[in-house]
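Notes for the one structure printed next.
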Amino acid sequence: MKLLVLLVLASCTVDRKSETIACTTASDCADTSRTCENGYCVKSSQSGCPDHCTACNTDVTPHTCTVTNTGGDSFTCPSGFQCLLTCGGGSGSTCGDITCNDKSQCLISCDGANSCGDIHCSSACACDVTCTSGACQGSTINCPHTGTNYCTVDQTEGPACVSAPGGRCNSC
């Protein structure tokens, strides 16, 4: 009996991803309620929309997702989406880390002290980030860049990303 308990406990420490949910595109996912993100089929909350979308439209190109705070949870804008995020504005009105995947477009507004976690949009085709009132204090913000020319006002790695439509920082 002790051996069985030890085996069960040991099996809980195995850390490997299941190849049954590995994918290259969404069509590789057997379950149509899942989408392909970072090589694995993951659940979407509502008809192809990522979790935390308060409004979502997958009938347009690019698909759109509007997010107003995530309750401190992390958020990923999937490839092919345009995500509009507003974080801050009150108690508990925060977003965790935000990632904008390859070929996604993000417009992120962080308003209020520590309202946004780390922001990763170096592989997005367009990313605009505004931070007010210490909203991104202590956060890492990775903007899209070409070599050492970052998509910021002064083209150095900095606290806010800017992508003027049609400019070198918008490849959508």
Worksheet entry | Scope the stretch 119-150; condition assigned to a loop (DSSP other than H, G, I, E, B) and not hydrophobic (A, V, I, L, M, F, W, C); matching residues | 122, 123, 133, 134, 137, 138, 139, 140, 144, 147, 148
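The rows are residues; the columns are (1) modelled with pLDDT under 65; (2) over 24 Å from residue 172 (Cα atoms); (3) assigned to a helix (DSSP H, G or I); (4) in the same structural domain as residue 99 (by TED's automatic domain parsing).
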{"site": "6", "(1), (2), (3), (4)": "yes, yes, yes, no"}
{"site": "10", "(1), (2), (3), (4)": "yes, yes, yes, no"}
{"site": "15", "(1), (2), (3), (4)": "yes, yes, no, no"}
{"site": "31", "(1), (2), (3), (4)": "no, yes, no, no"}
{"site": "61", "(1), (2), (3), (4)": "no, no, no, yes"}
{"site": "66", "(1), (2), (3), (4)": "no, no, no, yes"}
{"site": "72", "(1), (2), (3), (4)": "no, yes, no, yes"}
{"site": "76", "(1), (2), (3), (4)": "no, no, no, yes"}
Worksheet item: Only one residue in 116, 87 is part of a strand (DSSP E or B) and surrounded by 19 or more Cβ atoms within 10 Å (Cβ to Cβ). Which one?
Response: 87
Worksheet, complete the sentence: Residues of the stretch 89-103 being modelled with pLDDT of 90 or more and not hydrophobic (A, V, I, L, M, F, W, C), in sequence order, are 96, 97, 99, 101, 102, 103
Discussion item. Pull out all pairs, ordered by first then second residue, where Cβ-Cβ is under 7 Å, the residues are six or more apart or on different chains, the first lies in the stretch 125-151 and is farther than 16 Å from residue 163 by Cβ, and the second is at pLDDT below 80 and not charged (D, E, K, R).
Written reply: 136/159
Worksheet entry | Residues of the stretch 113-145 satisfying the condition of being more than 18 Å from the chain's Cα centre (by Cα) and aliphatic (A, V, I, L, M) | 113
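The values are calculated or read from the model by the stated rules, or taken from the named source; none is laboratory data. Just so we're clear, the structure is a prediction, and the values are computed from it rather than from any experiment. No Cβ is skipped: glycine too gets one built from the backbone with ideal geometry, and neighbour counts run over all protein chains shown.
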